[in-house]
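I have placed the structure first, in the form of structure tokens, so that the comments after it can refer back to it.
The values are calculated or read from the model by the stated rules, or taken from the named source; none is laboratory data. As the structure is a computational prediction, the values presented were derived from the model and not from experiment. Glycine also receives a Cβ, built like all others from the backbone with ideal geometry; neighbour counts cover every protein chain displayed.
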């Protein structure tokens, strides 16, 4: 029996792969490739640098990972060259995932002692400050997706088949950042922090998401601090990205995959950090841990 993606070709653009590659971010690329290939698609991965904007014209998914401040300065200069091509690609329907340093770089600006004031392309409607002496935010994160989230919908059947119904309403990952990121008015967070820190010290938001068509751009845009890498432990997010990227090929339904291993990694990670936060930070996180645990079956 032929698979829905048989004969399809998916192109992934990996921005600044040699500079922004902390905490297993290459694993996000590997996950997208495997989940597409398992469904019968052919996948091309293009590593794209500052002078290769033309290569973005035909990409379906764009990924940019995390790095230290020194690398972000170099990337900021590169984005001055790539900005127009990047905006055009997302404007025409390419899906974008930006993690940590990439998340910061694609906002309006990134301010830090080392980097000074880096102006970004504003593809993500956020800005970031790294105050002098600010404590790093390090550890596991569990976030709750908004009610009715299409990301959760993409994983509902998969999680139920794996015996962890309800796990699809959460994302998990690992954060390590000194920056505090703030969303512009009207910008939607990716989720609400249950365990961990997320965007900043003022609210419980983590990341941002702009759905296709919002802001006049046809492509999905997601920015987040979640490393780990992010996608292997969150198969519903990986599939949502693939689905939105494939919208430009016409309407397609992704064949279900046997994701028991992926959901085990997801729920085990969440359970571990629920306990860790409860131990390190007291009863408030203990209560949160119990709530998250009850939702995902622990």
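Read through the list (1) buried (at least 22 other Cβ atoms within 10 Å of the Cβ); (2) farther than 23 Å from residue 67 by Cα, then give the number of the only condition that residue 238 fails.
Checking residue 238 against (1) buried (at least 22 other Cβ atoms within 10 Å of the Cβ); (2) farther than 23 Å from residue 67 by Cα, the one that fails is (2).
Among 32, 22, 15, which is the only one that is over 21 Å from residue 85 (Cβ atoms) and in contact with a strand residue (DSSP E or B) (Cβ under 8 Å, 6 or more places away or on another chain)? Working first, answer last.
Numbers: 32 fails: over 21 Å from residue 85 (Cβ atoms); 15 fails: over 21 Å from residue 85 (Cβ atoms).
None of the other options fit; the residue is 22.
Which of the residues spanning the range 21-48 are within 17 Å of residue 78 (Cβ to Cβ) and at pLDDT 95 or above?
46, 47, 48
Under the condition of being surrounded by fewer than 23 Cβ atoms within 10 Å (Cβ to Cβ) and more than 20 Å from the chain's Cα centre (by Cα), which residue from the range 262-279 is modelled with the lowest pLDDT?
It comes out as 278.
Could you list, in sequence order, all residues of the range 212-232 that are under 12 Å from the mean Cα position of the chain (by Cα), part of a helix (DSSP H, G or I) and farther than 16 Å from residue 190 by Cα?
Taking the range 212-232 first, the residues under 12 Å from the mean Cα position of the chain (by Cα) are 220-232.
From what is left, the residues that are part of a helix (DSSP H, G or I) are 231-232.
Once the filter is applied, which keeps residues that are under 12 Å from the mean Cα position of the chain (by Cα), part of a helix (DSSP H, G or I) and farther than 16 Å from residue 190 by Cα, the range 212-232 yields only 232.
Quick check: is even one residue across the range 4-18 at pLDDT below 95, buried (at least 18 other Cβ atoms within 10 Å of the Cβ), more than 24 Å from residue 117 (Cα to Cα) and in contact with a helix residue (DSSP H, G or I) (Cβ under 8 Å, 6 or more places away or on another chain)?
Yes.
Would you check if residue 90 is under 26 Å from residue 174 (Cα atoms) and crowded, with 20+ Cβ neighbours inside 10 Å? Before you say what the answer is, go through the steps one by one.
On the way: under 26 Å from residue 174 (Cα atoms): no; crowded, with 20+ Cβ neighbours inside 10 Å: yes.
In short, no.
Would you mind listing the strands (runs of 3 or more DSSP E) fully within the range 113-162 where at least 1 residues are over 19 Å from the mean Cα position of the chain (by Cα)?
Working: elements: 116-119, 126-130, 137-144.
Output list reads 116-119, 126-130.
State all residues of the range 76-99 that are at pLDDT 95 or above and more than 21 Å from residue 58 (Cβ to Cβ); if no residue qualifies, say none.
If the condition is that a residue be at pLDDT 95 or above and more than 21 Å from residue 58 (Cβ to Cβ), then 99 is the only one that fits.
Hey, can you tell me all the residues within the range 33-77 that are out of contact with any helix residue (DSSP H, G or I) (no Cβ under 9 Å at 6 or more places or on another chain), over 21 Å from residue 224 (Cβ atoms) and outside any strand (DSSP E or B)?
37, 38, 40, 70, 73, 74, 77
Residues are listed down the side, and each one gets a yes or a no for (1) surrounded by 16 or more Cβ atoms within 10 Å (Cβ to Cβ); (2) more than 18 Å from residue 232 (Cα to Cα):
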position	(1), (2)
109	yes, yes
133	no, yes
143	yes, no
157	no, no
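Under 7 Å between Cβ atoms, which residue pairs at least 6 apart in sequence (or on different chains) link something in the range 37-65 that is exposed (fewer than 15 other Cβ atoms within 10 Å of the Cβ) with a partner that is assigned to a loop (DSSP other than H, G, I, E, B)?
Close Cβ pairs (under 7 Å, with a partner that is assigned to a loop (DSSP other than H, G, I, E, B)) amount to 38/257; 40/3; 40/5; 40/6; 47/17.
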